[in-house]
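Novice: One structure, pasted below without further comment.
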Amino acid sequence: MEPGTGVSTNESGRRREIVPRTVMQMRSLVSVFLATTIVSAAMAQSFTIVRPTDGSTVRENVGIHIPKGAIPDRAYIGVSVNGKFLEAARPPLVKDDYVYTLDTKDRHIPDGDMDIEVVLYQDFNDHAEIVNRSSVKVKLDNYTSIKVPDGGVEMRYAFQKGREYHYTVNRYQSIGTLTQAQIAIGSKAGEIPVDSNTSRLLWAIDNVYDGTRGKEALLRIQGLPNKGTNYAMLRTAEDPSLKKYYDFEMHPLYMRIDGTGREIFGAAPPYFPMDNTSGEDSRLDLFTFLPMPVLPSDPLLPGDTWQASQLFSNIDLNKLPETNKLTEALASRGTFVGVEWEKGIPCAKFTVAVDAGPRELTNAMNLNNQPGQSQRVSLLGTMWFALDRGVIVKSDITLLQESVVTIGTPQSSNGSGS
């Protein structure tokens, strides 16, 4: 080997390089570093917000789309809006994009210019590093574009003969218990979820009439089977266990209502077999009853309140043939919250609140056949009414029942010992 050169000569005179071990290790490290840099650069090129586009108008739930393959394993994103960090997440893959859903109404983001920034984080050697970032500027419009007339918003159902509206009803039930001693010191019961159920409901306008104060309608209310089937799994007031009910068992209830949804009369037509057909030994008539919410009578401005009514079922199954009214109206407080977009539809949003005590609940049926004597029922409902279609788009109702239940009976003492 020639001194100091790192080069040796073999017997044939050919030269070959002799590289010290430490130099080889350094080259290996350099090559790994370069490979990592190349992979990160390729990943950075594909990481970008493809939707929404810069300058677009968005509202409600905004889907932030990032191309498939741009978020590798052990990577995640951080989302910021208007410079405020919201959360870190790994969004689900939906077809060809990762999609992070930004609920702008739930996060109370104000209308106007909205800067969305998404940062890509990658784990390297047990710590996260920022690999890339992407941002867009959009305009948020959940409220601004819906104008309220100077005289207020008038809400009326737009009745069209033959029109049908199908709704999904999501029901959740929870229960909480308190002793009399706990009630006396003002304790609150912790709620335990005990049930959830999804069903479908039909509101159909079978006829339209000219009433004394505007249009009136014959409303048909009926349960529907699950989509793609001829049955639904339901609970009834008489049997709270979950059972299968078929479409031929689901029968209609009828109400004649005015333009605000107030009942004029109601009926449950009986079923009679056709002539020359064999009778049925047993027949189940399943009624699903959820009336349209009652709308305010007068035009309202945001923030206005009014003496509202909330319709509760007043159906006696043993007296159906003579029934001419299906509801009991309880006084409630209504508040016109304002206007906003809901499900892509311009809506008026209002709330109704009911607080009924023992006097109003005389002979009332307990919710879902819960045991005990009902002492108080409170209701808080939030409704979205479509201004351009004249129909309820969405309704959220929380119903709370407080009942007194006797647990155990003290045993009498006869003085004998054992």
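Novice: Which trypsin sites (Lys or Arg not before Pro) does region 65-113 hold that lie in a coil by DSSP with at most 11 other beta carbons within 10 Å?
Specialist: Loop-located and lightly packed - ARG74, LYS95, ARG107.
Novice: About its Cα centre, how strong a charge dipole does region 38-178 have in debye, to the nearest 20, once Lys and Arg get +1 and Asp and Glu get -1 at the Cβ?
Specialist: For this selection, approximately 540 debye.
Novice: Ok, one more. State which entries of LYS68/LYS394; LYS227/LYS394; LYS227/LYS343; LYS244/LYS325 exceed 23 angstrom in Cα-Cα distance in the structure shown.
Specialist: LYS68/LYS394; LYS244/LYS325
Novice: Follow-up. Dimensions of region 195-258 along principal axes (Cα, Å, largest first)?
Specialist: Taking the Cα atoms of region 195-258, the three principal extents are 45, 24, 18 Å.
Novice: Per-residue HN-Hα couplings for region 225-241, Karplus 6.51 cos²θ - 1.76 cosθ + 1.60 at θ = phi - 60°, whole Hz, x for Gly and Pro?
Specialist: x, 4, 4, x, 10, 10, 8, 9, 8, 9, 10, 10, 5, 7, 9, x, 6
Novice: Non-local amide H neighbours of THR236 (under 5 Å, H modeled in plane, Pro and chain starts lacking H): which ones?
Specialist: Answer set, sorted by chain and number: SER241.
Novice: A further question on this structure: Provide the solvent-accessible area of PHE85, counting protein heavy atoms only and rolling a 1.4 Å probe, rounded to the nearest 10 Å².
Specialist: Roughly 110 Å² of PHE85 is accessible to a 1.4 Å probe.
The values are calculated or read from the model by the stated rules, or taken from the named source; none is laboratory data. Since this is a predicted model, take the numbers as computed values, not measurements. Every residue, glycine among them, receives a Cβ derived from its backbone with ideal geometry; neighbour counts consider all protein chains shown. Note: accessible area is taken over every heavy atom of the protein model, side chains too, but ligands, DNA and RNA are not part of it. Shrake-Rupley method; radii C 1.70, N 1.55, O 1.52, S 1.80 Å.
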